[in-house]
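Taken together, the values in this text are just the output of simple stated rules run on the coordinates, not laboratory data. None of these values were measured; they are calculated from a predicted model. In this analysis, Cβ positions are derived from the backbone assuming ideal geometry, glycine residues included, and neighbour counts consider all displayed protein chains.
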Amino acid sequence: MDTVMTRVLEVENECAGAVEKAEQECRQKIEAYKKAIEGRKAREFDLIITAGNEKLAEALDTAKKQAEAEFIALRKDSERLYQDTALTDAIKETILSILLTR
């Protein structure tokens with residue numbers, strides 16, 4: 001009977017050791033998986049940030065080009081107004097008539 005009890009305890013100890021070893025292996029696998037997921041998360045986050053920065057740079061470039069085009073058009077209109085002597089004379093006459101009617 002003692003040998004049976006001794007054998008049962010030995011088997012129980014062996015099984016406990018095997019279970020503990022299996023738990024440790026599972027913990028290691030879980031930890032490795034968590035690290036892999038965290039790495040993937042960081043890479044995906046970087047991709048999102050990069051894409052956002054690229055879109056922002058593109059939008060700024062588009063806005064800059066549009067502002068430059070509008071400024072050029074405004075400058076051309078302004079130069080045209082100063083070069084149009086008939087318009088300048090008409091403006092002067094209108095100003096003089098307003099001043100004289102007061």
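Applying the selection to segment 83-96, what residues are surrounded by 10 or more Cβ atoms within 10 Å (Cβ to Cβ) and either part of a helix (DSSP H, G or I) or touching a strand residue (DSSP E or B) at 6+ places or on another chain (Cβ under 8 Å) (or both)? Don't jump to the end; show me each part of the working.
Here is the first cut: in segment 83-96, the ones surrounded by 10 or more Cβ atoms within 10 Å (Cβ to Cβ) are 84, 87-96.
Within segment 83-96, Leu87, Thr88, Asp89, Ala90, Ile91, Lys92, Glu93, Thr94, Ile95, Leu96 qualify.
Test Asn13 against the stated conditions and say whether it is surrounded by 10 or more Cβ atoms within 10 Å (Cβ to Cβ) and more than 48 Å from the chain's Cα centre (by Cα).
Details: surrounded by 10 or more Cβ atoms within 10 Å (Cβ to Cβ): yes; more than 48 Å from the chain's Cα centre (by Cα): yes.
Answer is yes for this residue.
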